[in-house]
1. Condition (residue is free of Cβ contacts under 8 Å to residues at least 60 places away in the same chain and under 20 Å from the mean Cα position of the chain (by Cα)) applied to the range B:128-135: is it met by at least one residue?
2. Return the total of residues in the range A:76-100 being of a type outside the set (Lys, Arg) and at the interface with another protein chain (Cβ under 8 Å from one of its Cβ atoms).
3. All but one of (1) part of a helix (DSSP H, G or I); (2) surrounded by 17 or more Cβ atoms within 10 Å (Cβ to Cβ); (3) more than 14 Å from every other protein chain (Cβ to nearest Cβ); (4) small (Gly, Ala, Ser) hold for A:Ala230; state the number of the condition that does not hold.
4. Any residue in the range A:129-141 that is more than 11 Å from chain B (Cβ to nearest Cβ) sitting within a Cβ distance under 8 Å of a residue that is surrounded by fewer than 18 Cβ atoms within 10 Å (Cβ to Cβ) and at pLDDT below 85? List the pairs, counting only those 6 or more apart or interchain.
5. Tell me which residues, restricted to the range A:30-75, are of a type in the set (Ser, Thr, Tyr), within 14 Å of chain B (Cβ to nearest Cβ) and in contact with an Asp or Glu (Cβ under 8 Å, 6 or more places away or on another chain).
6. If a residue counts only when it is touching a helix residue (DSSP H, G or I) at 6+ places or on another chain (Cβ under 6 Å), which helices (runs of 4 or more DSSP H) contained entirely in the range A:29-113 have at least 2 such residues?
7. Given the condition facing chain B (nearest Cβ under 8 Å) and either within 25 Å of B:Arg300 (Cβ to Cβ) or outside any strand (DSSP E or B) (or both), answer yes or no: does some residue in the range A:160-167 qualify?
8. Out of (1) modelled with pLDDT of 85 or more; (2) surrounded by 12 or more Cβ atoms within 10 Å (Cβ to Cβ), what's the single condition that is false for B:Pro451?
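The values are calculated or read from the model by the stated rules, or taken from the named source; none is laboratory data. Predicted model only: the values in this text are computed from it and were never measured. FYI the Cβ positions are ideal-geometry reconstructions off the backbone, even for glycines, and counts take in every protein chain you see.
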Amino acid sequence: MSVASSPAPALSIRGLCKSFDGKPAVEQLDLTIQPGEFYALLGPNGAGKTTTIRMAAGLLLPDSGSIEIYGVDALHDPIAARRITAWLPDEPALYDKLDPLEYLEFVAGLWGVDPAVAMSRARDLMEVLELWPHRHTRCEGFSRGMKQKVALAGALIHDPMLLLLDEPLTGLDAAIARQVKDLLTLRARAGRAIILTTHILEVAERLADRIGIISAGRLCAQGTLEELRARTGRAGDTLEDVFLDITSRAPAP
Amino acid sequence: MTLRPGSFLWLVRHDLVLSSRKFSQHFVGRSRMMVWTIIAFGLVFMHGLCRPTADLFARQDAQTQASTLAGAVLFMFLWQVSQAITRFTRLLYSRGDLDLLLASPVSRRAVLGAHAVATAVEITLVVGGFVFPMADMLAWRMGAYWLAVYPAVVASALLASASGFALTVGLFNLLGPRHTRAAAQVAATLIAAAMILGGQFVYLFGSPARPADALLNTRPTAPAFMDWLIQTPMRGVTGDLVSLILWMALGGLAFAWTVLRLGPGFLQGAILVRGLGDGQLRAREKAQKPFRPGASAALRRKELQLLARDPWLFSRGLLQLLYLAPVCIVIWISKEEASLALLVAPLVIMVLSHLAGILAWLTILSEDAPDFITTAPVTSREVLRHKLEAIFLPLGLILLAPTLGLAWAEPLNALLMVLFAIAACASAALINIWHPAPARAESATSRHNPPKIVGLKENVVAVCWAVACVGAVGREKYWIYATLAGLLFVWVNRPPRRARA
């Protein structure tokens, strides 16, 4: 059975714990994201969002717990898990001396994408993100937003089944942020799972199917916006009100 | 003293504080007491090193002293010019502090002037770290007038900063923003190496029967005034007050005139460079090539592309070649009926070993996107293997040409050269891999500053292999000892068992 037709959740995290110098960053986190779901992970600074995303991406080893991506145990078979996953950090990780096209060729090569398919996808992505006129300009001269767009194209070129996005809209102007949001929505509709962390609550409110709120390394609440409103008992509130209400009631770290 | 924020001196202090912070990064994790102890020990060590040199200098006849002094003054000046070019080019291209200052209401002329002054101070201190102990020892041995070296170094730094600034602006106007950085790097390398090469040239070919001597003896005699002017720095260094004042005035005027006259052009350049990202300057159109498949090929290709586009790497390789070539010529001509391998092999081994160390540092330890590579579906062992392939491919190509040339004349010696070169490259790469001190990817400065201790170890092991090769080519027994020393050195530097696990 292929990963795409697997009945397993796109991401299943159970009992995840991670401490730094004895200080817990993530504690007993359970999270399940289904294929085609757009999940927003919100939380105050230092809540454990980035640590969670980095553990799911294989960049940090948890102290305990399990991570499965489409049924693949990411801790025991990390290569298989990475093959279907993309991670986009808030600080774009690029090579300044490569141009965007060379960068995308490199990423496609790493993920073993067929060259003809990769070339076609690269062109499509670069046109959507308005990078095509800059395809032969080395990244060293790019602004932060431009670099973020190149990194996003890199994350999408191998058509990952699970996208882990850490503050992907930071540094993007309004027009490009809109394009990126549309691009991500299309991915979710095509059955790809997306988990994103953001401080821009409007993004989560507008795009996410479900929202998780994490505080002091623990998942305080999750559900659709309506479910979260019902939980706080304040129908009609904005996500900002709900978020502040839930995090203010969460236990202090 | 409280300086008015935004004033010229305030800006100078700001630049110097930043420079001192960069310097203090070398002592991260050490207490203040330990840092001062290390600096004091360094000063004592330098003075101890200069003492016998000062004695030797004092025993020379007046003519030899004059020519030694002339060479030293010229060497110091060229070294300072090289340093100035490097620093001004870095300022032109680096983003950060200058962006903030240019965007502030502070006068741009004051910003640039302050940076130029700070550069001159830095250059004075860098060169002074080597020159001042010598001046102290000469003053102790020959008389207090040698302390005139201190202001003379400042005057030289001002003149060198002016020259470096003018050269950087000239290169920028001539080549434009895309090529100036690489060209300036090479220019700084050549200027720094020029004096050593010139000295080697005179040393090698300077006997009466040799052409260089004839060349030097047939030079046109300078007019008396010009001769007097040219000798001003030498007289200034030896304490002649009028010459010293004249030289300092000349340095100060040249510095002020250059910064004021060429400053606007430099700032225009800085602004132009900062505009590159806004699409004001378009990249050249390239033919569209189809993507190529495979993770292995992608990793190798990426490393080779990044290495080929690194001007620092080119200038370091060039510098190594320029410094070592004369040494090899000395070895060659010092032997009767000398083998060609005695010229080629040590040069090739030293250069390749140094390059292997640099390439290992750049590709493995200065990876720009280590987290991204970690998320790719390839194992870390595969990544390391392909990076090593990317290191050894260019080294192999560089080795090919001298090997073929030598094999035509001396096939056995060519084989020996290849074997020792491989050993030297592997040793240098291993020392880098075993002593990881990853550079911050976002900092070009730290990326291009491998740890000094690792560089020292690379040089030691490279010398072992070069000596072993010279011994083997000369069929002399000491090659065994040199080989054992090389192997022992590498073995001693292996990481602890726990780190390897």
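1. Of the residues in the range B:128-135, the ones free of Cβ contacts under 8 Å to residues at least 60 places away in the same chain are B:128, B:131-132, B:135.
Add one more test, that the residue is under 20 Å from the mean Cα position of the chain (by Cα), and what stays is B:128, B:131.
Within the range B:128-135, one or more residues are free of Cβ contacts under 8 Å to residues at least 60 places away in the same chain and under 20 Å from the mean Cα position of the chain (by Cα).
2. Initial filter on the range A:76-100 (of a type outside the set (Lys, Arg)): A:76-81, A:84-96, A:98-100.
When the remaining residues are screened for being at the interface with another protein chain (Cβ under 8 Å from one of its Cβ atoms), the result is A:79-80, A:85-87, A:89, A:93-96, A:98-99.
Number satisfying all stated conditions: 12.
3. (2)
4. Short answer, once both residue conditions are applied: A:Leu129/A:Gln179.
5. Listed by number, the list holds a single entry, A:Thr50.
6. On the way: elements: A:49-56, A:78-83, A:100-110.
Ranges flagged: A:100-110.
7. Start the filter on the range A:160-167 by keeping residues that are facing chain B (nearest Cβ under 8 Å), which leaves none.
No: zero hits.
8. (1)
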